[in-house]
Amino acid sequence: AEPQAAVAPSDPAPAREQVPVVLVYNDGHQEEVKNYAIVGPTLYDLGSFVAHRIPLAELNLKATVKANDDRGVEFALPAGVKLD
């Protein structure tokens, strides 16, 4: 008898659910976004059909970075953006 070759099915790995980042506003309310880009002084929420613009000045960046760090999520700010 010929040896049987073991062929493992090549199922693709399940897509990892992206953990949303939380934005903390200066007034204290929070909002989660799944996909964003920061261009200059503006954060663009790309998670919906139409990009939503959020001025960084409306966010408490220090609290936003800390809240995401506490969740194990990186909230990346461009170089030169101050947290105060």
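Name the residue that is least open to solvent (accessible area, probe 1.4 Å), counting only residues in the range 49-58 that are under 14 Å from LEU23 (Cβ atoms) and within 15 Å of the chain's Cα centre (by Cα). Lay out the reasoning, then the answer.
First pass over the range 49-58, keeping only residues under 14 Å from LEU23 (Cβ atoms): 52-58.
Applying the additional criterion that residues be within 15 Å of the chain's Cα centre (by Cα) yields 52, 54.
Details: HIS52: 84, ILE54: 4 Å².
Among those that are under 14 Å from LEU23 (Cβ atoms) and within 15 Å of the chain's Cα centre (by Cα), it is ILE54.
Within the range 32-48, track down each residue that is free of Cβ contacts under 8 Å to residues at least 12 places away in the same chain, in a strand (DSSP E or B) and open to solvent by 50 Å² or more (accessible area, probe 1.4 Å).
Scanning the range 32-48 gives VAL39, TYR44.
Output the number of the condition that ASP69 fails; it satisfies all remaining conditions of (1) assigned to a loop (DSSP other than H, G, I, E, B); (2) closer than 15 Å to VAL19 by Cα; (3) out of contact with any strand residue (DSSP E or B) (no Cβ under 9 Å at 6 or more places or on another chain).
Status for ASP69: all satisfied but (1).
The values are calculated or read from the model by the stated rules, or taken from the named source; none is laboratory data. Predicted model, so just to flag it, every value in this text is computed and none were measured. Cβ sites come from the backbone with ideal geometry, for glycine too, and all protein chains shown count toward neighbours. Only protein heavy atoms, including side chains, enter the accessible area calculation; ligands, DNA and RNA are left aside. Shrake-Rupley method; radii C 1.70, N 1.55, O 1.52, S 1.80 Å.
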